[in-house]
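Encoded as structure tokens, the structure appears first; notes follow it.
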Amino acid sequence: AWELVDVMNSSFNKPLVVKTTGGSHGGGAELTPLGQDVLKHYLDLIKITEKQGKEAFQNITRHLKK
């Protein structure tokens, strides 16, 4: 998971996730403001894709064995 975080952070101009190490709770991660913004737009993209692709998906799945 940390490798994926590193890849995402290095792919953008600023980090999407800030890692915290150690402490009494063992550390963790937090989305940066940019990370929150990118996540919001990504979720919007998923909704649009699902809505636009619904008919095409149904046309494919109707050919599956039942």
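The values are calculated or read from the model by the stated rules, or taken from the named source; none is laboratory data. Treat the numbers as computed from the prediction; the structure is a model and nothing was measured. Note that we place each Cβ from the backbone using ideal geometry, even for glycine, and neighbour counts take in every protein chain shown. Side chains are part of the model used for accessible areas, which takes the heavy atoms of the whole protein and leaves out ligands, DNA and RNA. Shrake-Rupley method; radii C 1.70, N 1.55, O 1.52, S 1.80 Å.
Bridging of K65 to aspartates and glutamates at a Cα separation below 19 Å is possible for E55, once same-chain residues fewer than 8 apart are set aside.
Using a Gaussian network model of the chain in which every pair of alpha carbons under 10 angstrom is joined by a spring, one finds that among K51, K14, K40 the greatest mean-square fluctuation is at K51. Its Cα centre serving as origin, the chain has a Cβ charge dipole (Lys and Arg +1, Asp and Glu -1) of approximately 480 debye.
Dipole orientation for the chain: of the candidates Q52, G28, H63, H63 has the Cα lying most toward the positive pole (charges on Cβ; Lys, Arg +1; Asp, Glu -1). Using alpha carbons only, how many degrees (0 to 90, rounded to 10) separate the axis of helix 2-11 from the longest principal axis of the chain? Compared with the principal axis, the helix lies near 80 degrees. Taking a straight Cα-Cα cut-off under 16 Å and skipping sequence neighbours fewer than 8 places away in the same chain, the aspartates and glutamates within cross-link reach of K19 are E3, D6, E30. Summarising the amide proton neighbourhood of T32: residues at separation of 5 or more, or on other chains, whose placed amide H is nearer than 5 Å comprise V17, V18.
The overall shape of the chain is prolate: from the C-alpha gyration tensor, with semi-axes ordered a ≥ b ≥ c, the ratio a/c is 1.5 or greater and a/b exceeds b/c. Rounded to the nearest whole Hz, the Karplus-based 3J(HN,Hα) values (6.51 cos²θ - 1.76 cosθ + 1.60, θ = phi - 60°) of the stretch 45-61 follow the sequence 4, 4, 4, 5, 5, 4, 5, 6, x, 4, 5, 4, 4, 5, 5, 6, 5, with x at glycine and proline. For the chain, averaging the sequence separation of C-alpha pairs within contact (under 8 Å, six or more residues apart) and dividing by the residue count gives a relative contact order of 19 percent. Checking the cross-link filter: which lysines have an alpha carbon closer than 22 Å to that of K51, excluding same-chain neighbours under 8 positions apart? Here the lysines satisfying the reach criterion relative to K51 are K40.
For the chain, which whole percent of the accessible surface, found with a 1.4 angstrom probe, sits on carbon and sulfur atoms? C and S atoms contribute 60 percent here.
Solvent exposure of the chain, expressed per residue, is 92 Å² of accessible area, with all protein chains present and a 1.4 angstrom probe.
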